[in-house]
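To keep things clear, I will list the structure first and then write my remarks on it.
Throughout, read-outs are computed from the coordinates displayed, never taken from laboratory work. Owing to the predicted nature of the structure, the values given are computational and were not obtained by experimental measurement. Here the Cβ positions follow ideal geometry from the backbone for every residue, glycine too, while neighbour counts run over all protein chains shown.
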Amino acid sequence: MAATDDDALYVLTAAMLTPAQFPGVLADDYPAACAELGLAPADEGYGLVFGQDGAGARWTVAISDTALVACALAAWDCGLEYDLSPDDRYVVAALPGWPLPVAVAAPGVPDPHDPSEEEGGMPALSPPDTETWGPAQRRLGADEIALQWRVWREQLGDDAAPDTDPDTEAETDAAPAKSPGGLHKGVRRALDACEEYVRTPPPAGRIRSAPAGEGVRTLRVDGPDWSMVARTDDIAFVLLDEEPGEVLPVGRGSALPGLLEALDKLAVRPD
């Protein structure tokens with residue numbers, strides 16, 4: 001939107017907030033991500049538009065026209081210009097602040113700043129503190145692995161990941177933090193939670209699936225203190241709140257392929 005006065009908005013960037021695609025930094029699942037923004041978890045989801053008003057104040061505008069935001073993001077990813085100007089009819093909420101870090105600023109207006117609580121009607125949104133390891137940092141790490149899968153996979157090589165087979169001899173003496181199969185106990189806990197998801201489907205967005213080539217999917221699965229990234233034809237990586245900065249690989253063995261297939265059948269998909 002072109003800004004002509006303090007009430008207009010300079011659009012800087014945008015994001016999807018749908019069951020299949022939402023900023024992982026916000027929460028482990030779609031309903032929780034909506035709750036972080038005070039939005040109802042609508043089935044169709046929202047587009048989030050981040051911008052500044054004419055006075056430089058940060059605003060997040062949630063709109064129901066998800067197709068418009070999806071088109072804008074696709075065009076921007078290709079280096080094309082796209083005028084993201086949502087119709088007022090589709091505006092669901094105008095929220096003060098930004099829940100995500102935005103690296104750019106609008107030209108010709110004051111520096112980005114939060115509107116006052118009186119102006120915004122509520123405390124301003126702000127990005128989670130990612131300097132200290134925690135759930136937000138863990139989810140961001142998993143998102144990065146999903147985007148850069150090939151790089152992470154090549155670093156690991158072919159034989160460095162313990163598998164999930166329960167009958168593999170445990171390394172109890174040398175590594176008391178590990179469980180059967182040579183897996184870290186936290187990884188075993190995450191895999192057990194994934195198996196429970198298959199029996200009792202979790203909230204929307206806990207399991208997401210995206211295309212990764214011919215017949216292959218990338219899975220993103222989250223729980224209260226863990227995140228998993230996997231390819232349906234390959235291995236998995238797990239990140240844990242209890243292991244700051246660590247990326248723990250899980251080999252396919254005989255158990256992982258069936259688990260990934262079952263999770264993929266439950267997953268919500270953007271395509």
For 54-60, 87-93, ranked highest to lowest by mean beta-carbon neighbours within 10 Å, the order is 54-60, 87-93
Which one, A27, L73, P99, is farthest towards the positive end of the dipole of region 9-120 when Lys and Arg carry +1 and Asp and Glu -1 on their Cβ? L73
From the list (i) 18.4, 58; (ii) 20.7, 69; (iii) 18.2, 61, can you say which value of Rg and Dmax of the Cα atoms in Å was derived from the structure given? (ii)
